[in-house]
Amino acid sequence: MPYGSRLAATMTLRLGRECVYTPSARLALYLALRRWCRPGARVLMSPVNDDVILFVVLAAGLRPVQAPVSVWDGNIDPAAVPESTWRNVDAVLTTNLYGVPDRVLELRRRCEQLGIPLFEDAAHAIGSHVDGRPIGTFGKAAAFSLSKHVAGMAGGFLAVEDARTRRELELLRDDLLTPGRLREDLATTLRPLARSAVRSLHLVRPVWRTMERLGLLERDAFRMDLHAPRLTASAREAPSLTAYERWVRVDLHGYRSRHGSLVRGQLKLRMARLDEDLARRRAGVTLLAGTPWASPALRDRTAHDGPLPLFRVPLLVHDRDALVQRLVRHDVVCGYIYDPPLDDYAGAEFVEPSPDPAPARWFAAHTLPADPLLARRIVGAFTKERVADAHPSLLRPVPDVTPPRLLGQ
């Protein structure tokens, strides 16, 4: 029986597509890129994205091409992509940022016209739908994460179109897995329980501050250190996960460790509660979408179609960086902030910059990703802190120089 086949079968029933179980979404995405893209291929993607995803694309030996984005949600704006760019990309990678769906119907249409694959990064988007279909069923392949909605701290899937492709990818996955260890499995199993205990005992603030003082956090800023000279040297070995290990493993060191039955058993139990989790997220999204900090697009969509079960709700605020620090006093720690955009962070040596970087810069600088499961606490904290909302109509040209604290080179 293939590794993780029972978990994969559960996801297949939910999604209606063949699924491969992986230790992480980042490994799932790497499998897809290696399976369908030749080395040197150009991949269109949003610059408002996790830096780990950038390094996964680079590890696959590909050239990231940064797309113009919507100022409302940070996802690719297909209409703003120049025709010259469309003619020169070999694949498209969606983000579905925070669970807000990409304009996947238009992206799929363009990919079909060009004869190139569409890959869906659905790590934030389990439960999100477009046109009555779940995210993850529109492209050639889709990567999902169990460390997000079910808080498993591990596990992922790659959804594909047919059983033959699934079997091919299972073999490729098995070649990339590293041996698991009981100690690592125990840590992976206990970590979600410890995090829940910290929250329930209102220890978020002291634990977070202690981790900062002890240097236990892998990022000093929103982006990890780029280490540009080492990154340049690693390109000579691509495609290779091993060459890019120091970047791809950040925040999840066991991203390609073979999980034992202990971890897989816990993930099965957590998946059984997925629908309950999604319902709680919809309730939180309903509350946050009615606040002045939510984008008008989110408010309109929630009123028209009902709330999406978002992983995070992108709230638009002034003085976001200072607010992140103040919210710790309210037991709210904000992660998943993707600032600066990837083209400012990595530079033209490693990515092709966006032809219109201003919307991505504005969105990345003003977005605070709010956990809908903490909606009431967040609204209370925002009210006490007298948080001012931001609006894209205030968009102004942003200098090309990125502050050194964010470059991390």
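Restricting attention to segment 32-41, does a residue exist that is touching a helix residue (DSSP H, G or I) at 6+ places or on another chain (Cβ under 9 Å) and more than 16 Å from A143 (Cα to Cα)?
yes
Tell me, yes or no, whether segment 153-166 has at least one residue that is closer than 19 Å to L298 by Cβ and either of a type outside the set (D, E, K, R) or touching a Lys or Arg at 6+ places or on another chain (Cβ under 8 Å) (or both).
Going through segment 153-166, the residues closer than 19 Å to L298 by Cβ turn out to be none.
Checked segment 153-166: no residue is closer than 19 Å to L298 by Cβ and either of a type outside the set (D, E, K, R) or touching a Lys or Arg at 6+ places or on another chain (Cβ under 8 Å) (or both).
Taking the condition of being open to solvent by 10 Å² or more (accessible area, probe 1.4 Å) and assigned to a helix (DSSP H, G or I), how many residues in segment 14-52 meet it?
7
Would you check if P23 is closer than 20 Å to D251 by Cβ and either in contact with a helix residue (DSSP H, G or I) (Cβ under 9 Å, 6 or more places away or on another chain) or modelled with pLDDT under 95 (or both)? Spell out the reasoning first.
Details: closer than 20 Å to D251 by Cβ: yes; either in contact with a helix residue (DSSP H, G or I) (Cβ under 9 Å, 6 or more places away or on another chain) or modelled with pLDDT under 95 (or both): yes.
Yes.
Residues checked against (1) of a type in the set (D, E); (2) within 17 Å of T178 (Cβ to Cβ); (3) open to solvent by less than 80 Å² (accessible area, probe 1.4 Å):
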site: A243; (1), (2), (3): no, yes, yes
site: H253; (1), (2), (3): no, yes, no
site: H259; (1), (2), (3): no, yes, yes
site: L298; (1), (2), (3): no, no, yes
site: A303; (1), (2), (3): no, no, no
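Within segment 368-386, can you find the residues that are surrounded by fewer than 23 Cβ atoms within 10 Å (Cβ to Cβ) and outside any helix (DSSP H, G or I)? It would help to see each step written out before you state the result.
So in segment 368-386, the residues surrounded by fewer than 23 Cβ atoms within 10 Å (Cβ to Cβ) come out as 369, 371, 373-377, 379-381, 383-386.
Matches in segment 368-386: P369, D371, R386.
Of the conditions (1) among the polar types (S, T, N, Q); (2) modelled with pLDDT of 95 or more; (3) in contact with a strand residue (DSSP E or B) (Cβ under 7 Å, 6 or more places away or on another chain), T383 clears all except one; give me its number.
Here T383 meets the rest and fails (3).
When you check A358 against the structure, is it surrounded by fewer than 23 Cβ atoms within 10 Å (Cβ to Cβ) and of a type in the set (A, V, I, L, M), yes or no?
yes
Could you tell me whether L267 is modelled with pLDDT under 95 and out of contact with any Gly (no Cβ under 6 Å at 6 or more places or on another chain)?
In short, no.
Quick one: in segment 109-157, of everything that is of a type in the set (D, E) and surrounded by 20 or more Cβ atoms within 10 Å (Cβ to Cβ), which residue is nearest to R270 (Cα to Cα)?
Going through the qualifying residues, I end up with D121.
In the set A365, A279, which member is closer than 17 Å to V69 by Cβ and either in a helix (DSSP H, G or I) or under 19 Å from the mean Cα position of the chain (by Cα) (or both)?
Values: A279 fails: closer than 17 Å to V69 by Cβ.
Of the residues listed, the single one that is closer than 17 Å to V69 by Cβ and either in a helix (DSSP H, G or I) or under 19 Å from the mean Cα position of the chain (by Cα) (or both) is A365.
Please count how many residues of segment 66-95 are farther than 16 Å from A358 by Cα and of a type in the set (V, I, T).
Result for segment 66-95: 5.
Out of (1) charged (D, E, K, R); (2) open to solvent by 40 Å² or more (accessible area, probe 1.4 Å); (3) under 14 Å from the mean Cα position of the chain (by Cα), the odd one out for E106 is which?
(3)
Restricting to segment 143-182, name every residue that is in contact with a strand residue (DSSP E or B) (Cβ under 8 Å, 6 or more places away or on another chain), in a loop (DSSP other than H, G, I, E, B) and closer than 28 Å to G127 by Cβ.
L146, S147, G155, E161, D162, L177
If a residue has to be in a loop (DSSP other than H, G, I, E, B), within 20 Å of V130 (Cβ to Cβ) and of a type outside the set (A, V, I, L, M, F, W, C) to count, how many in segment 69-108 make the cut?
11
Can you name the residue in segment 53-68 that is assigned to a helix (DSSP H, G or I) and either basic (K, R) or open to solvent by 10 Å² or more (accessible area, probe 1.4 Å) (or both) and is also farthest from P296 (Cα to Cα) among such residues?
Among residues in segment 53-68 that are assigned to a helix (DSSP H, G or I) and either basic (K, R) or open to solvent by 10 Å² or more (accessible area, probe 1.4 Å) (or both), the one farthest from P296 (Cα to Cα) is L58.
The values are calculated or read from the model by the stated rules, or taken from the named source; none is laboratory data. In this text, all values refer to a predicted model and were calculated from it rather than measured experimentally. For neighbour counting, all protein chains shown are included, and Cβ atoms are generated from backbone atoms with ideal geometry for every residue, glycine included. To get the accessible areas, we keep the full protein, side chains included, count just its heavy atoms, and leave off ligands, DNA and RNA. Shrake-Rupley method; radii C 1.70, N 1.55, O 1.52, S 1.80 Å.
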